[in-house]
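Please read the structure below before turning to the comments.
The values are calculated or read from the model by the stated rules, or taken from the named source; none is laboratory data. Just so it is clear, the structure is predicted and the values come from calculations on it, not from any experiment. A quick note on method: Cβ atoms are made from the backbone with ideal geometry, for glycine too, and the neighbour counts reach across all protein chains shown.
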Amino acid sequence: MKISIPELSLVLLVGPSGSGKSSFARKHFLPTEVVSSDFCRALVSDNENDQSATGDAFDLMHEIVRKRLARGRLTVVDATNVQPEARKSLIALAKEFHLFAEAIVFDLSERVCQDRNVLRPDRQFGPHVIRNQSQQLRRSLRGLEREGIRHVFKLSSPEEVDAVTIERHPLWNNKKTEHGPFDMIGDVHGCFDELVELMAQLGYTVNQTDGVYSVSSSGERKVVFVGDLVDRGQGTVQVLRLVSSMVQSGQAFCVPGNHDMKLVRALRGRDVKRTHGLAETMEQLGNESNEFRVEVAKFLDGLVSHYVFDDGKLVVAHAGLKESMHGRGSGAVREFALFGETTGETDEFGLPVRYNWAADYRGKALVVYGHTPVPEPLYLNNTVNIDTGCAFGGQLTALRYPEREIVSVKAHQTYYEPARPSCPKRPRVSGPCSTHRMMCSILPMWSVNVSSTHG
């Protein structure tokens with residue numbers, strides 16, 4: 001049996017004493033990856049069987065797990081874990097650090113566990129203990145996934161345990177082996193003509209035959225779209241055809257935007273408000289085949305919340321991403337990547353008030369994002385916002401990496417009037433200079449406790 005687990009996750013070994021968890025952990029994981037309740041009990045009492053030390057031992061175990069997960073290390077918990085309350089606190093730790101919890105269950109017969117413990121002179125605690133643990137495990141089996149465990153791998157015999165191989169797979173957002181160079185393009189919002197013009201300036205040629213797009217270029221650069229492909233502009237269908245073909249051919253990456261996800265819900269018949277350009281997008285898609293609309297929903301819904309590139313030096317997310325969420329996978333990570341962080345309030349224009357996460361960012365990775373339109377690319381604390389409001393008559397902007405060069409084209413027209421009046425433009429800058437950082441700290445910014453015009 002092959003067990004595939006995320007390279008960054010919390011793995012719970014679940015089973016009665018004598019089921020073989022510790023031997024399994026030694027066989028398949030590094031000693032430093034395994035946090036054992038018995039070992040923690042020995043650390044605090046010099047005796048791993050001292051039951052009076054259990055409380056302190058589990059406090060220590062949880063603290064070690066917490067430190068490892070915070071540092072992004074795969075962690076295996078070797079304890080019985082047969083009671084829901086014992087698993088609950090560990091699953092909560094995985095959730096706190098935006099990781100998946102996996103469970104490997106040792107559902108061996110009680111007789112096998114009893115026979116093994118008879119051969120261990122340090123485990124003479126009576127057969128009733130293993131009997132109770134086995135019964136607690138059986139009562140738990142059906143509800144494990146509902147507790148928040150992503151995958152449950154059940155082993156029912158010593159032979160199955162011996163035959164297991166462990167495979168570690170990277171998370172979908174892990175593209176650290178992709179080193180670029182990249183051209184990251186801000187929120188397109190259906191501005192197809194501007195996209196083709198910008199790509200030409202970047203060295204790409206867009207070809208079209210019978211509605212099918214292909215792209216050629218002289219170099220080995222790849223495009224990264226920061227989301228919000230749809231709504232407001234007149235060329236949403238063409239944008240979707242072009243971007244999806246580039247992603248499928250391996251020429252581009254794309255993260256989802258909040259508008260893209262709202263379109264998915266609309267295409268699947270959900271009751272959503274057709275505002276902020278969605279009505280126009282649905283009208284454009286209404287002229288296409290049902291098969292194409294299904295393909296669009298599948299493509300957008302399959303996009304990964306964010307990407308980590310170049311050995312962790314570059315992160316791309318639609319609305320940005322705090323350092324503690326880089327390379328993690330959870331609903332909270334996806335929510336932040338799509339919408340950013342809001343106060344729960346709305347402003348005088350009826351738009352959500354947003355926290356300026358970039359003002360507190362101190363991470364080593366460059367974070368490239370969009371979502372909140374700004375008059376010019378906005379650099380702050382090793383982050384850059386490249387949504388320059390093309391659909392609102394601004395510009396469509398690309399950031400070249402690793403050069404950190406800005407390339408922009410002007411909007412051909414104003415396709416959509418923003419809910420928020422435009423603010424005056426600032427001096428144009430081509431990189432993260434200290435002067436612009438100073439300006440960011442003293443001038444009002446669109447992203448400081450104000451809402452975006454995106455809706």
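Going through the range 112-164 one residue at a time, which ones are of a type in the set (Val, Ile, Thr) and either farther than 19 Å from Glu48 by Cα or modelled with pLDDT under 85 (or both)? Those that are of a type in the set (Val, Ile, Thr) and either farther than 19 Å from Glu48 by Cα or modelled with pLDDT under 85 (or both): Val112, Val118, Ile149, Val152, Val161, Val164. Just one of (1) touching a residue at least 60 places away in the same chain (Cβ under 8 Å); (2) outside any helix (DSSP H, G or I); (3) not hydroxyl-bearing (Ser, Thr, Tyr) fails for Val152. It is (1).
Number of residues in the range 201-229 that are surrounded by fewer than 20 Cβ atoms within 10 Å (Cβ to Cβ), under 25 Å from Tyr307 (Cβ atoms) and of a type in the set (A, V, I, L, M): the value is 3. With the condition kept exactly as written, say whether any residue in the range 78-100 is within 25 Å of Arg146 (Cβ to Cβ), in a helix (DSSP H, G or I), touching a residue at least 40 places away in the same chain (Cβ under 8 Å) and among the polar types (S, T, N, Q). No, the conditions are met nowhere in the range 78-100. Being loosely packed, with under 14 Cβ neighbours inside 10 Å, touching a Lys or Arg at 6+ places or on another chain (Cβ under 8 Å) and assigned to a loop (DSSP other than H, G, I, E, B) is the filter here; which residues of the range 162-185 pass it? If the condition is that a residue be loosely packed, with under 14 Cβ neighbours inside 10 Å, touching a Lys or Arg at 6+ places or on another chain (Cβ under 8 Å) and assigned to a loop (DSSP other than H, G, I, E, B), then Pro181 is the only one that fits.
Quick one: what pairs do we get from the range 303-330, first residue within 14 Å of Gly370 (Cβ to Cβ) and in a loop (DSSP other than H, G, I, E, B), second of a type in the set (Val, Ile, Thr) and at pLDDT below 95, C-beta under 9 Å, 6+ apart or different chains? Matching pairs, first to second residue: Ala319/Thr372; Gly320/Thr372.
A count restricted to the range 318-357 and to residues that are at pLDDT 95 or above and more than 29 Å from Gly148 (Cα to Cα) stands at 0.
Considering Arg241, Arg232, the condition of being free of Cβ contacts under 8 Å to residues at least 40 places away in the same chain, in contact with a Phe, Trp or Tyr (Cβ under 6 Å, 6 or more places away or on another chain) and buried (at least 18 other Cβ atoms within 10 Å of the Cβ) is satisfied by Arg241 alone. Of everything in the range 4-26, what is of a type in the set (A, V, I, L, M) and more than 25 Å from Arg111 (Cβ to Cβ)? Give them in sequence order. Of everything in the range 4-26, those that are of a type in the set (A, V, I, L, M) and more than 25 Å from Arg111 (Cβ to Cβ) turn out to be Ile5, Leu8, Leu10, Val11. Of all residues in the range 331-342, those satisfying the criterion of being closer than 19 Å to Thr372 by Cβ and in contact (Cβ under 8 Å) with a residue 12 or more places away in the chain are Val333, Arg334, Phe336, Ala337, Leu338, Phe339, Gly340, Glu341, Thr342. Under the condition of being at pLDDT 95 or above and of a type in the set (Ser, Thr, Tyr), the residues counted in the range 256-288 number 1. Consider Glu178 carefully, then state whether it is modelled with pLDDT of 90 or more, under 30 Å from Leu366 (Cα atoms) and not aromatic (Phe, Trp, Tyr). For Glu178, the condition - modelled with pLDDT of 90 or more, under 30 Å from Leu366 (Cα atoms) and not aromatic (Phe, Trp, Tyr) - is met. Meeting the requirement of 1 or more residues that are over 22 Å from the mean Cα position of the chain (by Cα) and closer than 22 Å to Ile386 by Cα, the strands (runs of 3 or more DSSP E) wholly within the range 193-257 are 204-209. Among residues that are more than 17 Å from Phe192 (Cβ to Cβ) and in contact with a Ser or Thr (Cβ under 8 Å, 6 or more places away or on another chain), Glu295 is included.
Apart from one condition, Asp46 fits all of (1) of a type outside the set (Gly, Ala, Ser); (2) at pLDDT below 95; (3) closer than 23 Å to Gly329 by Cα; the exception is (3). Name, by its number, the condition in (1) without any contact (Cβ under 8 Å) to a residue 40 or more places away in the chain; (2) part of a loop (DSSP other than H, G, I, E, B) that does not hold for Glu159. Failing condition for Glu159: (2).
Considered as a group, the residues in the range 1-26 that are touching a helix residue (DSSP H, G or I) at 6+ places or on another chain (Cβ under 9 Å) and either free of Cβ contacts under 8 Å to residues at least 40 places away in the same chain or assigned to a helix (DSSP H, G or I) (or both) include one that is farthest from Thr75 (Cα to Cα), and that residue is Ser23.
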